[in-house]
Amino acid sequence: MLIDGADHPLPVFGEKLGAATQHALEKLEVEVRSRTMVTDIDATSVTVKDADGNIERIDSLCKVWAAGVQGSELGAILAKQTGVELDRAGRVIVAPDLTIPGHREIFVIGDLMSVPGVPGVAQGAIQSAHFIADQIRARITGRSPKSSEFVYKDKGSMATISRFQAVASLGKMKLTGFTAWLAWCFLHLLYIVGFKAQIGTLIHWFISFASNARSERTTTNQQMVGRLALSELGTGSSGRLVAGEHPATSSHESSDK
């Protein structure tokens, strides 16, 4: 089941591609509930509210949340240490050259930067990385940078739906199905850095398609223990560990020492 608050899946792709996405999902026997909002989640269920105001509790042990993202905890650390402002998602509000205001030595790019009109997608991260690389190189060599302000160029959007199914919006060109999937594969490979990495990705894809195996489905004991440990330490613990702070121990642990 897919629950979406918009009129159709992938609303940023427009009505035509959104309808194509819903049709492809329904062929896979996915129930799509549009104009429906999640109001509550617990360990065994999801509570939703549709456009007519009807509330329903849906039994579910496995939930995948893809309705929004929160900025990295590093943003809060930067705000505390530099006084920079954060947006409502916890991303850093940067200057036009992607530096923290008052700190030209600190650049913020990708998902952690907050720039109007720049979505949190791969092409935004790639373009911002190229921009600051030129900024840093210009400072080192003493030349003027190619541009003093970051300007985002939307090159279109793509999304895979299932094996051999995708949608793509490339300017005025709209692609669906197998053609869009091939375009996604080609552009994905094109943007991978290094010939060796591209070949490795091709081999990985071939094994996945030939055997229907998915290494990303594997969860190791180390991952599980790590997640449980961070859960016990509480919200924000990963950011504090990155900053070199030691998480506070419980009173029971302190008394044992």
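Here, each number is a calculation from the coordinates, and none is a lab measurement. Here the structure is a predicted model, which is why all the values come from computation and not from measurement. Ideal geometry is used to build each Cβ from the backbone, glycine not excepted, and the neighbour counts take in all protein chains shown.
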Of the listed pairs LYS27/LYS155; LYS16/LYS153; LYS80/LYS146, those with alpha carbons more than 27 Å apart are LYS27/LYS155; LYS80/LYS146
Using 0.36 nm per residue, how much length does the chain from GLU85 to LEU61 gain when fully extended, once their Cα-Cα distance is taken away?
4.9 nm
Under a crude label model (7 Å from the Cα following the beta-carbon direction), how far is THR179 from PHE164 in nanometres?
1.7
Hey, can you grab everything whose amide H is under 5 Å from the amide H of VAL32? Only 5+ residues off in sequence or another chain; H modelled, so Pro and N-termini drop out.
LEU2
Over region 73-155, relative contact order from alpha-carbon pairs under 8 Å, at least 6 apart, %
22
Neighbour-limited loop hits for GluC sites (Glu not before Pro), region 1-85 (at most 13 other Cβ within 10 Å; DSSP other than H, G, I, E, B)
GLU29, GLU31, GLU85
Label-point separation, LYS153 to VAL30 (7 Å along Cα→Cβ), nm:
3.2
At a threshold of 8 angstrom on Cα-Cα distance, excluding pairs fewer than six apart, so keeping six or more, what relative contact order does region 157-212 reach in percent?
22
Add +1 for every Lys or Arg and -1 for every Asp or Glu among the other residues with Cβ under 13 Å from the Cβ of VAL167, and state the total.
+1
